[in-house]
Structures are given as C-alpha cells and as structure tokens.
Amino acid sequence: MITERHNLACRMIFQAISKTGSLGSCIVSKDIGSNERMTMQNLQIPETAESRIVPKWLFPPRFSDKDRFTSSRPDFVLVTPIAAKTQKQQTNVGGWVLWSGRGQLRETESTSAAPPATSTTTNPRQHRPKDLNKTRGDIHLVEIKYCEDTRPQNQLNAAKEQHKDLCTILQGASVTLHIILLGVSGTIYNTHILKPFKKLGLDSQRVKKLASKLHVHSMNFADKLVHTRRALSSTVINSHQEPVSDQACNPPDPH
C-alpha cells in the first residue's frame, strides 16, 4: 500500500507534466510502476519515456551496462535544451560539461538555481531529447518521496544521498536534482512541491490543481493505512496469540 501510494502520486505528477506542462516531450525515462498500471489509469507513455532505466546515451561512452542497470533510478528524468543562464555558467571538465554555478550540482531548494526554462527562441517540444548534444542538454532528475508532515528534512537528505553518485556520473550541460516531498497526512509545501512543479514546466493554475489532487490522494491513503495497521496489529500469527510485530505493522517506506 505504501508503494502504491507513492506510485499513484508519481503517475499523477507524470500526467500533469507530460500532458499539460511545457516540458512534456523532454521526459526520457520514468520509474513509477508498470506500464500495465499506467494503462489502467489511461496514461499515454511518450515515445521518449518508455524505459524505466536512465538512458545509456546520458552516461559516459565506456560506462558498463551492468553499472547502469544497478545505478539509482529517479522517478523521472528529463533532458531539456540548455538554458541561456546555464550556458554562461557552465564549466568544462575533460571535454564534458558536468557542473554549473560554483562547481556544485544545482538543486531546486537553492535560490540561485535557474529553472529549466529554455531561451525565448527555443521551444523544448521542438526537440527530441536524444538528438541534443551532451553539452547542449540540461539533465533534470526528479525524485518524489513521502515524508513526515512536520519533519521533511530526513527524506530530503535521503533523496540527495540516493542520487549523489548518479548526479556525478551523468554527462550533460548541467545536472539538477528536483526533490518533491509529499506529507503523509496531506501537507503541501511551498518549497518542496509548488516551486519544483513550476521549475518542471507547469503554470501557476496547473500547479495549484495538481497540489490539490495530491493533498486529497495523501489524505485518502492516510486513512486506509491507519485502518490497515490497526487490523494487522490485532492479527494472531501463531498459537501463542502473539500480535504482529511493529516491523510487520509498519513496513519500511521503500521511497
């Protein structure tokens, strides 16, 4: 149930970005459940986003397939034409442009991070992400996590650590990690939800609409999880009438 709560929220966000956002055609991979589940929700998978693994062409030329298959998998990966601000700030390392700004990966929490908007003369829907030169494409990793409503910092740090190595390996004009945090009881954060949505191509009206849907989704699942845990806690698992352990009642959140 915890996994499905996460995947359903991801698919709601995926639908908004792919159908109504300005960067819909820039999605190159997604790891938000099976294609069958997406079909059940009437979600159309873009041609560029059929794989659940980060595309090979974003890795160094000699990077092994074994390491690529075992690397971390963000919920979404987008590749957009390089933004004008990024182009001025980029730093070349060994022929590839890996870093921007002050030599650090850009994150959505940073006030100095530039949004993935393209220049006024470039429409991202006119480009196929794979056709972009590595030095001309900005890579955006999107990780979505549920967190404690009053203490989101733990999951924020976990997301950074989860994709730290991947951010270092990928080759593009810049690598930006967008961390979207959803409160388990429906809390909607300005910094961790609304701002990232805008950076991913949604306008203010669609951001508010999507946030409202995610709030209702989280509230409904919170109610289901509470009732399920209470039922599990009263279940007898052996002849000694021992209750289910805390670990079984509260399985670790895989996301």
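Numbers below:
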read-out	value
In segment 33-82, the residues that are at pLDDT 75 or above and among the aliphatic types (A, V, I, L, M)	Ile53, Val54, Leu58, Val77, Leu78, Val79, Ile82
Top-ranked residue in segment 176-192 [being β-branched (Val, Ile, Thr) and either surrounded by 22 or more Cβ atoms within 10 Å (Cβ to Cβ) or touching a Lys or Arg at 6+ places or on another chain (Cβ under 6 Å) (or both); ranked as nearest to Thr150 (Cα to Cα)]	Ile180
Evaluation of Trp99 against (1) more than 23 Å from Leu182 (Cβ to Cβ); (2) hydrophobic (A, V, I, L, M, F, W, C); (3) modelled with pLDDT of 50 or more (one fails), failing number	(3)
Single residue of segment 144-175 satisfying the filter (touching a residue at least 24 places away in the same chain (Cβ under 8 Å), part of a strand (DSSP E or B) and out of contact with any Asp or Glu (no Cβ under 6 Å at 6 or more places or on another chain)) that is surrounded by the most Cβ atoms within 10 Å (Cβ to Cβ)	Val175
Every pair of residues 6+ apart whose Cβ atoms lie under 7 Å, when the first sits in segment 179-193 and is among the aromatic types (Phe, Trp, Tyr) while the second is surrounded by 18 or more Cβ atoms within 10 Å (Cβ to Cβ)	Tyr189/Pro152; Tyr189/Leu181
Residue within segment 207-226 that is under 14 Å from Lys145 (Cα atoms) and within 16 Å of the chain's Cα centre (by Cα) present	yes
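The values are calculated or read from the model by the stated rules, or taken from the named source; none is laboratory data. Predicted, not measured: the structure shown is a model, and the values here were computed from it. Neighbour counts are summed over all protein chains in view; Cβ atoms, including those assigned to glycine, are modelled from backbone coordinates with ideal geometry.
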